[in-house]
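Worksheet for the structure shown next.
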Amino acid sequence: MIRWLTCAAVLGALVILPAQAATPVYGYRVVHVYPHDTSAYTEGLFYKDGYLYESTGEAGESTVRKVALESGKVLQRHDLPAQYFGEGIVDWGTRIVQLTWKDQLGFVYDLDTFAQQRTFDYPGEGWALTRDDKHLYMSDGSAVLRILDPATLATIGSLMVTDDGKPVTNLNELEWVKGEIYANVWMTDRIARIDPATGHVTGWIDLAGLLDTSKLPDPTNDVLNGIAYDAQHDRLFVTGKRWPRLFEITLVPPGR
């Protein structure tokens, strides 16, 4: 009799446990639209002191740029040697750090002049970079973000990104936003919001319908990619590869 009551109590407890809530999905509202250079195959983007800094890809076309937000005009530009496919960039102090795709080589530039200061090596592919106040975070197309020492640019840790326990692969362009890492998921219209302490996806941003990519020259490749955040004025910017527009958006909570 005692055993029967114990089993019943356990079964009862199992029945009343609530189901795990699905990861919330946020919508968006467009606040402002800015011009964007359609020749820019956007691989990296950040906002600093009133300007956008952008890296572009494709061998023979890769650049680092300083761009006027309001006009989209390229104010300053550095062209990579033709053999390199430029990828993500991030600022650290007075420097800009840039990755390349498959060459296992990164570049460090002076933030003001774009003069190259040094190079650095890393294994595997390079996709994107962002930072907090202590570290750089690097994506390589997998579900793992590498954590880099900003002084040496050596890998000092890693972060497995999961949603409901499942790895999230194809993490691409990154941005640090209010204590979270935002990551484009390549070839999708979604941005993952990642807890940097656990790697868990705390929410998704669904940007479907932001731009009709079917009208772009190469809809297969000209996909959403590019996130920048103006922390001082709480402005979030997104764009894509060879997109004609850069969008300032605000997030719409689920159910609204």
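The values are calculated or read from the model by the stated rules, or taken from the named source; none is laboratory data. Predicted model, so just to flag it, every value in this text is computed and none were measured. Here the Cβ is made from the backbone with ideal geometry for all residues, glycine too, and neighbour counts use every protein chain on show.
Of all the residues that make up segment 164-212, how many are within 23 Å of ASP91 (Cα to Cα) and of a type in the set (A, V, I, L, M, F, W, C)?
Selection size over segment 164-212: 12.
I'm checking my understanding of the structure. Among residues of segment 98-120 that are in a loop (DSSP other than H, G, I, E, B) and in contact with a strand residue (DSSP E or B) (Cβ under 7 Å, 6 or more places away or on another chain), which one is nearest to ALA82 (Cα to Cα)?
Filtering segment 98-120 for residues that are in a loop (DSSP other than H, G, I, E, B) and in contact with a strand residue (DSSP E or B) (Cβ under 7 Å, 6 or more places away or on another chain), the one nearest to ALA82 (Cα to Cα) comes out as TRP101.
Please specify each residue of segment 55-78 satisfying the condition of being out of contact with any Ser or Thr (no Cβ under 6 Å at 6 or more places or on another chain) and in a strand (DSSP E or B).
Residues satisfying the conditions are SER55, ARG65, LYS66, VAL67, ALA68, VAL74, LEU75, GLN76, HIS78.
Given the criteria surrounded by 18 or more Cβ atoms within 10 Å (Cβ to Cβ) and within 18 Å of the chain's Cα centre (by Cα), does TRP92 qualify?
no
Name the single residue, out of those in segment 154-180 being closer than 23 Å to TYR41 by Cβ and aliphatic (A, V, I, L, M), that is surrounded by the most Cβ atoms within 10 Å (Cβ to Cβ).
The selected residue is LEU174.
Could you tell me which of the residues GLY199, GLY209, GLY226 is touching a residue at least 60 places away in the same chain (Cβ under 8 Å) and out of contact with any Phe, Trp or Tyr (no Cβ under 7 Å at 6 or more places or on another chain)?
GLY226
Tally up the residues in segment 65-77 that are farther than 13 Å from LYS48 by Cβ and either touching a residue at least 40 places away in the same chain (Cβ under 8 Å) or not aliphatic (A, V, I, L, M) (or both), please.
Matching residues across segment 65-77 total 5.
Among the residues of segment 194-220, what is the count of those that are of a type outside the set (A, V, I, L, M, F, W, C), surrounded by 16 or more Cβ atoms within 10 Å (Cβ to Cβ) and out of contact with any Pro (no Cβ under 9 Å at 6 or more places or on another chain)?
Within segment 194-220, residues that are of a type outside the set (A, V, I, L, M, F, W, C), surrounded by 16 or more Cβ atoms within 10 Å (Cβ to Cβ) and out of contact with any Pro (no Cβ under 9 Å at 6 or more places or on another chain) number 4.
For (1) under 20 Å from TYR229 (Cα atoms); (2) modelled with pLDDT of 95 or more; (3) in a strand (DSSP E or B), each residue gets a yes or a no:
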| site | (1), (2), (3) |
| --- | --- |
| SER158 | no, yes, yes |
| TYR182 | yes, yes, yes |
| MET187 | no, no, no |
| TRP204 | yes, yes, yes |
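Evaluate the following for GLY255: is it small (Gly, Ala, Ser) and surrounded by 14 or more Cβ atoms within 10 Å (Cβ to Cβ)?
Taking the combined requirement at face value, the residue does not satisfy it.
Which one is nearest to LEU174 (Cα to Cα) among residues in segment 243-256 that are modelled with pLDDT of 95 or more and among the charged types (D, E, K, R)?
Filtering first and then ranking leaves GLU248.
I'm trying to understand the selection: among the residues of segment 33-77, which are surrounded by fewer than 19 Cβ atoms within 10 Å (Cβ to Cβ), under 22 Å from ASN184 (Cα atoms) and among the hydroxyl-bearing types (Ser, Thr, Tyr)?
Of everything in segment 33-77, those that are surrounded by fewer than 19 Cβ atoms within 10 Å (Cβ to Cβ), under 22 Å from ASN184 (Cα atoms) and among the hydroxyl-bearing types (Ser, Thr, Tyr) turn out to be TYR34, THR38, SER39, TYR51.
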